[in-house]
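**Student:** Below you'll find the structure I mean.
The values are calculated or read from the model by the stated rules, or taken from the named source; none is laboratory data. Here the structure is a predicted model, which means the values were calculated and not measured. Here the Cβ positions follow ideal geometry from the backbone for every residue, glycine too, while neighbour counts run over all protein chains shown. Heads up: the accessible areas ignore ligands, DNA and RNA and are worked out on the full protein's heavy atoms, side chains in. Shrake-Rupley method; radii C 1.70, N 1.55, O 1.52, S 1.80 Å.
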Amino acid sequence: MIIKRFLLGLILLGGSAMSVADSSKWVLVTDRDDIQVYRQDDDSSRLKTFRGVGVVPVTDFNAIGALMDDYDAVASFMHMVSEIRDLHRASPYQRDVYVTTRLPWPVKDRDAPLRVTFYQEPGSYDLVMPFSLNPPVFPEQPDYVRMPQMEGYYRFEPLSAGEVKVTIEVILDPGGAVPAWLANIILRDIPYFSLRRLRRVVNQPRFQGISHGYYQTPESWQKPQKQEVANAASKETPAPSVPR
């Protein structure tokens, strides 16, 4: 299929985002509410790396795409993000966005123009959205400090029907002067609170029952066919016995 070949190409394109950090150096920061947050320290640079992992109840697998296509909704669940602006969408598989942050005073807010790609892994049905800094698509703004580096990914891994394991991993250089206390908050709070809010947002009615056509629903999540429903109904209501 054309879509499958296109997705395989995107896997190669976005593969570097899947290895933004060395997994052997991850340190567990917090484990609460079934959400694990990890950090990776690099004393030789300003780079900050964090990863959040949590299981999210998802009623409709298509709701993931509907939510991630709604930038206001994404900004509402991403902790410390104030706005995500749509700059250009070449296709469902590639888009350019402009992201601004809301950081505690007296630190100046940051911004980042990003190139976001999308693909679904064949076989596993995982949905992956790698992103990386793409400065040419939006000029620097006087009210923000432009982050010199930002890359990472979202991964939505379907488990049993109704549950998705979500991973958010980001490696960034915030630019400018950032005190150590704020850096620690970023590493700990952004993935934790983002995953908590995602649990509340993804099952909102406005994201349900939307068919996109650019990714597939796992077979175990698909609704039973009419025949299966009829068979189940016949078992629940047996035919009347034959008169003697």
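**Student:** Out of all the residues in the range 172-183, is one or more at pLDDT below 95, closer than 30 Å to Val107 by Cα and under 15 Å from the mean Cα position of the chain (by Cα)? Even if it seems obvious, please write down each step before you answer.
**Tutor:** Of the residues in the range 172-183, the ones at pLDDT below 95 are 172-183.
The next check asks that each one be closer than 30 Å to Val107 by Cα; those that pass are 172-183.
From the residues that got through so far, the ones that are under 15 Å from the mean Cα position of the chain (by Cα) too are none.
No, because not a single residue in the range 172-183 is at pLDDT below 95, closer than 30 Å to Val107 by Cα and under 15 Å from the mean Cα position of the chain (by Cα).
**Student:** Take the residues in the range 210-224 that are of a type in the set (Gly, Ala, Ser) and open to solvent by 60 Å² or more (accessible area, probe 1.4 Å); name whichever of them is modelled with the lowest pLDDT. Outline the logic, then answer.
**Tutor:** From the range 210-224, those of a type in the set (Gly, Ala, Ser) are 211, 213, 220; that's our starting set.
From what is left, the residues that are open to solvent by 60 Å² or more (accessible area, probe 1.4 Å) are 211, 220.
Numbers: Ser211: 81, Ser220: 90.
Selected residue: Ser211.
**Student:** Just to be sure, is Tyr153 surrounded by 18 or more Cβ atoms within 10 Å (Cβ to Cβ) and either at pLDDT 90 or above or of a type in the set (Phe, Trp, Tyr) (or both)? First the steps, then the outcome.
**Tutor:** Details: surrounded by 18 or more Cβ atoms within 10 Å (Cβ to Cβ): yes; either at pLDDT 90 or above or of a type in the set (Phe, Trp, Tyr) (or both): yes.
So Tyr153 passes the test.
**Student:** Which condition breaks for Pro191 when tested against (1) at pLDDT 90 or above; (2) farther than 24 Å from Thr117 by Cβ?
**Tutor:** It fails just one condition, (2).
**Student:** Any residue at all in the range 48-66 that's of a type outside the set (Phe, Trp, Tyr), within 21 Å of Met147 (Cβ to Cβ) and at pLDDT below 95? Quick ask: steps written out before the conclusion?
**Tutor:** Of the residues in the range 48-66, the ones of a type outside the set (Phe, Trp, Tyr) are 48-49, 51-60, 62-66.
Checking which are within 21 Å of Met147 (Cβ to Cβ) leaves us with 48-49, 51-52.
Narrowing further to those that are at pLDDT below 95: 48-49.
Yes, the conditions are met somewhere in the range 48-66.
**Student:** Using beta carbons and a limit of 6 Å, which pairs, at least six apart or on different chains, have the first residue in the range 151-177 and farther than 17 Å from Lys48 by Cβ and assigned to a loop (DSSP other than H, G, I, E, B) and the second one of a type outside the set (Val, Ile, Thr) and at pLDDT below 95?
**Tutor:** Between residues of the range 151-177 that are farther than 17 Å from Lys48 by Cβ and assigned to a loop (DSSP other than H, G, I, E, B) and residues that are of a type outside the set (Val, Ile, Thr) and at pLDDT below 95, the close pairs are Ala161/Ser220; Ala161/Trp221.
**Student:** Of all the residues that make up the range 25-36, how many are in contact (Cβ under 8 Å) with a residue 24 or more places away in the chain and more than 16 Å from Tyr153 (Cβ to Cβ)? Outline the logic, then answer.
**Tutor:** Pass one, the range 25-36, residues in contact (Cβ under 8 Å) with a residue 24 or more places away in the chain: 26, 29-30, 32-33, 35.
So of that shortlist, the ones also more than 16 Å from Tyr153 (Cβ to Cβ) come out as 29-30, 32-33, 35.
Adding up the residues that qualify gives 5.
**Student:** Let me ask another. Scan (1) surrounded by 15 or more Cβ atoms within 10 Å (Cβ to Cβ); (2) in a loop (DSSP other than H, G, I, E, B); (3) in contact with a helix residue (DSSP H, G or I) (Cβ under 7 Å, 6 or more places away or on another chain) for the single condition Asp60 breaks and write down its number.
**Tutor:** (3)
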